[in-house]
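Everything below concerns the one structure shown next.
The values are calculated or read from the model by the stated rules, or taken from the named source; none is laboratory data. Nothing here was measured: the structure is a model prediction, and the numbers come from that model. In this analysis, Cβ positions are derived from the backbone assuming ideal geometry, glycine residues included, and neighbour counts consider all displayed protein chains. To get the accessible areas, we keep the full protein, side chains included, count just its heavy atoms, and leave off ligands, DNA and RNA. Shrake-Rupley method; radii C 1.70, N 1.55, O 1.52, S 1.80 Å.
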Amino acid sequence: MLDPPADATTLPRLEADSLSGTHVVLPTDAAGKPLILLLAFTPESQDDVTAWSRKLLADHVQDHAAVYVVAVADRTAHFMRKRIQKIVSGSAVGSKDQQRSNVLITFDGTGWRDLVPPGDKKAAGIVVCDASGAIVYAKRDPLTAANAADVEQAAK
C-alpha cells in the first residue's frame with residue numbers, strides 16, 4: 001500500500017458545502033464506507049478530476065465507497081468562485097442528484113491542502129480512506145491505469 005501523508009494517518013474532520021447546499025462533514029458523512037476524495041486545487045485540474053471521476057464511475061466504485069469531488073477554492077479570487085463551482089460541477093459524472101450531493105466546494109483550505117503533497121497544478125489530489133477513516137492512499141497524480149488500479153484496490 002502507498003504511504004499516507006506524513007502529518008496524518010486518519011482523515012481529520014473536514015467540512016464543505018455540496019452544490020445542493022448541504023453541509024458535509026467528513027469522514028462522518030461517509031457513513032462507515034471507504035472514502036475517495038478527488039481534490040481540485042486549481043481550475044487547471046478540471047480535466048484530471050473529470051478523468052478520475054469518469055473512470056471511478058465506469059468502474060462502479062461508488063457502489064462500495066463514498067466518492068466526493070472537492071473544489072478547494074481558498075486561493076481563488078472572489079470573482080472566480082462562481083466559475084470554480086461551474087467547473088467542478090461539470091467534472092462530476094453521474095446523475096444530477098449525485099452531482100448535487102457529492103460535489104463539494106470549500107473556500108477554506110485548512111486541512112484540505114495538507115492531505116496530499118504539492119504537485120502539478122493540472123493534477124488532481126486523490127485521497128482514499130478505509131471505512132474507519134484511516135488514510136491509505138494520498139497522492140497528487142494524474143490519472144493512469146496503474147494509479148486507478150491502486151486507488152480502486154485501496155478503496156475496497
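Quick check on the stretch 43-64: of everything there that is within 19 Å of I135 (Cβ to Cβ) and more than 11 Å from the chain's Cα centre (by Cα), which residue is surrounded by the fewest Cβ atoms within 10 Å (Cβ to Cβ)?
Of everything passing the filter in the stretch 43-64, H64 is surrounded by the fewest Cβ atoms within 10 Å (Cβ to Cβ).
In the stretch 134-156, how many residues are assigned to a loop (DSSP other than H, G, I, E, B) and closer than 17 Å to V69 by Cα?
Adding up the residues that qualify gives 4.
Every residue in the stretch 130-154 that is within 19 Å of E44 (Cβ to Cβ), of a type outside the set (K, R) and open to solvent by 50 Å² or more (accessible area, probe 1.4 Å), please. Break it down stepwise before answering.
From the stretch 130-154, those within 19 Å of E44 (Cβ to Cβ) are 139-144, 147; that's our starting set.
Narrowing the set further to residues that are of a type outside the set (K, R) leaves 141-144, 147.
Selection gives P142, L143, T144.
Can you say whether V67 is open to solvent by 10 Å² or more (accessible area, probe 1.4 Å), under 21 Å from V151 (Cα atoms) and within 12 Å of the chain's Cα centre (by Cα), as far as the supplied structure shows?
Yes: the conditions hold for V67.
Collect the residues in the stretch 113-129 that are in contact (Cβ under 8 Å) with a residue 40 or more places away in the chain and open to solvent by less than 50 Å² (accessible area, probe 1.4 Å), keeping them in residue-number order.
L115, V116, A123, A124, G125, I126, V127, V128, C129
Condition first: aliphatic (A, V, I, L, M) and either modelled with pLDDT of 90 or more or surrounded by fewer than 16 Cβ atoms within 10 Å (Cβ to Cβ) (or both). Can you find one or more residues in the stretch 86-108 that meet it?
No, there is no match, as no residue in the stretch 86-108 is aliphatic (A, V, I, L, M) and either modelled with pLDDT of 90 or more or surrounded by fewer than 16 Cβ atoms within 10 Å (Cβ to Cβ) (or both).
Quick one: which of A31, A40 is touching a helix residue (DSSP H, G or I) at 6+ places or on another chain (Cβ under 6 Å) and either modelled with pLDDT under 90 or open to solvent by less than 20 Å² (accessible area, probe 1.4 Å) (or both)?
Just one listed residue meets the conditions, A40.
Between residues in the stretch 142-156 that are within 18 Å of D48 (Cβ to Cβ) and residues that are in a helix (DSSP H, G or I) and open to solvent by 60 Å² or more (accessible area, probe 1.4 Å), which pairs lie under 7 Å by C-beta distance while being six or more apart or on different chains?
L143/K55; A148/K55
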